[in-house]
Amino acid sequence: MGVTYNRTMKPHILAVAAVAAFVAASAAAQVTITNAWVRGTVASQKATGAFMQLASGADTSLVGVSSPVAKISEIHTMVHEGGVMRMRAIASLPVPAGKPVELAPGGYHLMLLDLAQPLREGDKVPLTLTFSDKEGKKSTQEVTATVRSLTAPVAKPQH
């Protein structure tokens, strides 16, 4: 038994297919961002870190970050060199499909440099994260991170 359709059905079938493809592409490009927070600062401090968990349904990479609270925002990692932990900027951070990536103190994190003002516990910090998929298509996502005090314990990620 075959399926038959007439010419008037063709535009409807194409429209449904286009919507399905768009929804699938949008869902694949979407990164889930959870537990976003920023370490608070003292009056003269000009830099701090931002932390969160990232998860994606498709392979993607975090390739940029910006925030109105800092003149410079970078993706960083901590590496062990000669018995010393050193922090350095990296161009991108892979977020493999189905494998959450933790941005946490002592590991991958976001650095907010040349802060406009001190960040106090409870403040809200807007961040714009830029992702690039394996085809090179870029997308941005907004997240609001809550500032925690300098002495606040680091919360364990919820899985």
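The values are calculated or read from the model by the stated rules, or taken from the named source; none is laboratory data. Since the structure is predicted, the reported quantities are computational estimates derived from the model, not experimental observations. Methodologically, a virtual Cβ is constructed for each residue, glycine included, from the backbone with ideal geometry; neighbour enumeration extends over all protein chains shown.
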Exercise for the section: Scan region 105-112 and give yes if some residue there is part of a strand (DSSP E or B), among the hydroxyl-bearing types (Ser, Thr, Tyr) and surrounded by 17 or more Cβ atoms within 10 Å (Cβ to Cβ), otherwise no. Expected result: no
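Would you tally the residues in region 120-136 being in contact with a Lys or Arg (Cβ under 8 Å, 6 or more places away or on another chain) and farther than 18 Å from residue 90 by Cβ?
So the count comes out to 1.
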Fill in the blank from the handout: Looking across region 47-81 at residues that are surrounded by 14 or more Cβ atoms within 10 Å (Cβ to Cβ) and of a type in the set (D, E, K, R), the single one that is nearest to residue 126 (Cα to Cα) is 74
Exercise for the section: Kindly provide the set of residues from region 78-129 that are among the β-branched types (Val, Ile, Thr) and either at pLDDT 95 or above or under 20 Å from residue 38 (Cα atoms) (or both), ordered by number. Expected result: 90, 95, 101, 125, 128
Handout entry: Test for residue 145: is it at pLDDT below 95, surrounded by 11 or more Cβ atoms within 10 Å (Cβ to Cβ) and of a type in the set (Gly, Ala, Ser)
Key = no
Exercise for the section: Name the single residue, out of those in region 114-138 being surrounded by 15 or more Cβ atoms within 10 Å (Cβ to Cβ) and among the charged types (D, E, K, R), that is nearest to the chain's Cα centre (by Cα). Expected result: 133
Fill in the blank from the handout: For region 116-136, pairs from a residue that is of a type outside the set (D, E, K, R) to a residue that is at pLDDT below 95, with Cβ under 6 Å and 6 or more apart or across chains, are 118/43
Exercise for the section: Take region 19-43 and flag every residue that is farther than 16 Å from residue 110 by Cα, of a type in the set (Ser, Thr, Tyr) and at pLDDT 50 or above. Expected result: 32
